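The values are calculated or read from the model by the stated rules, or taken from the named source; none is laboratory data. Computed from a predicted structure; not experimentally measured. All Cβ positions, glycine included, derive from the backbone under ideal geometry; neighbour counts span all protein chains shown. Heavy atoms of the whole protein, side chains included, go into the accessibility calculation; ligands, DNA and RNA do not. Shrake-Rupley method; radii C 1.70, N 1.55, O 1.52, S 1.80 Å.
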Amino acid sequence: MDKETWTWILKNIDDDLLLHIVEKLKISVSGFRKRNYKKNLSIIKNRLIQEAISSKNILKLREGFNQSISEDERWIMFRNKSLDFLYEYILIENIQALPILLSLMSSPKNDEYYTGINLYERLKQSNQLSKLETMYPQNGKNEKEKVDLTEKINELKSKIKEKNQVVGSKEKEIILLKGKEKDYKDMIEILNKELEETKQLLDQMTIELSEKNVTIESREKYICSLEEEIKNLRKELDLAREMISSYNEAASSLSPLEPYNDQKAILIIGLELNSRLEKKLESLGYIVSVSNKLEEINQYIDYQYIWLIEYQISLKLKHEIQKCPYFERVRVITEYSQLIRLTDQLEKGEI
C-alpha cells in the first residue's frame, strides 16, 4: 500500500519537483538523456515513478522529500495529528490532500508514515481523492495565512470533539439497544419453543381425536349410558344402605374382632399384578392374591394389606367396595408408579 500511495503522490506533484527528486536520487532511464527528461516527461514519467518507488530508492525518496517538506512549516504541523482529524480536516476545508499526504509519507517517524498510508486508503475508499485539488503549494505564504490556518485547525478540533461526544452517546445507545435485542431474542426463542411444544401437543391431540373418531352420536350414546348407570347406582345405593343397616345390627351382637393383620399377605383388587412385582413381594414372604370379584374379595378381607388398582377395575366394582366396612383399610392405587413405590416401601419396612 505504501508504493501505491507514493505512486499517487508522484503522479500529482508539480513536474519540476518530480524532476528535482529524480535528479537527487540519480534515477536514469535508458534511451533518454537527463537533460532531456523535462522535454520527454510525458513519455518517461511512469518509468521514472516506478524506479523512484523501487525497494532500493523508496527510503531515499522519503528522505529527499523530508528535506523539502521540513522547510514548509505550514505542513509540518499536520505530522502529529490523528488520522480522524486529518480526514475530517481535508473534507471540511476542501483542502488539497497531496501536501498533507506528502508531509506524512516523508516523515522520519514511522507512526506518521503509516498515518499517511491509512489516510490515503480512507480517502480512496470514500472516493474523495478525485474530488480534491492536487496542486502542491509553494513556500512564501505570509504569517496571516498561518494564523488563519491555526484558527481553522482549532475550530476543526472543536467540531471533531463535538462529533466524538455525539459518537460516544450513540455508542452507549447502541450498547443499550444490543442488550434489549438480546433480551428480545431470548424471549422469541422461548416463545418459539413454547409454540413448537404447543404445536406438537395439538398434533398429538388431533391424531388421538382422529383415531378415536369421536362423533356427536357417540357422545350422545355415552351420555345415555351414564344416565342408565346413574339409575343403577342409585338402586345399588339403596341396597347398600339396607346391607349396612343389617351389618350394623349383626355387628352389635358380635364380640370384638381379633387383629386382622397377623397374616403376612397382600390382596390385590384388580385384573393382574406385574410378574416382577409379584415375585418381589413373594420373596419378602408375602402371600399375594389377585381378584376383581366382590365375592372372592370378601374372603380375603383379613389380609394384612389390601391394595386396590383403580385403573384395572370397573367403576361399579369400586362403588361396591366403598360400601364395605373394610374399605378404610384399602389403599387406592391410581397409577403404576405408585404401585412400585408401595412395593419399595414395603421392602424397606417403611409401611
Discussion item. I'm trying to understand the selection: among the residues of the range 100-128, which are open to solvent by less than 70 Å² (accessible area, probe 1.4 Å) and either touching a Leu at 6+ places or on another chain (Cβ under 7 Å) or at pLDDT below 85 (or both)?
Written reply: Ile100, Leu101, Leu104, Glu112, Tyr113, Thr115, Gly116, Leu119, Tyr120, Leu123, Gln128
Item to complete: Taking Ile90 as meeting all but one of (1) over 30 Å from Glu23 (Cα atoms); (2) outside any helix (DSSP H, G or I), write down the number of the exception.
Response: (2)
Worksheet item: What number of residues in the range 221-233 are open to solvent by 70 Å² or more (accessible area, probe 1.4 Å) and either outside any helix (DSSP H, G or I) or modelled with pLDDT of 80 or more (or both)?
Response: 7
Discussion item. Among the residues in the range 22-35, are any buried (at least 17 other Cβ atoms within 10 Å of the Cβ), within 23 Å of Glu121 (Cβ to Cβ) and modelled with pLDDT of 80 or more?
Written reply: no
Item to complete: Answer yes if at least one residue in the range 176-199 is at pLDDT below 75 and either touching a His at 6+ places or on another chain (Cβ under 7 Å) or among the basic types (Lys, Arg) (or both), and no otherwise.
Response: no
Fill in: Subset tally (residues that are open to solvent by 60 Å² or more (accessible area, probe 1.4 Å) and assigned to a helix (DSSP H, G or I)) for the range 55-83
6
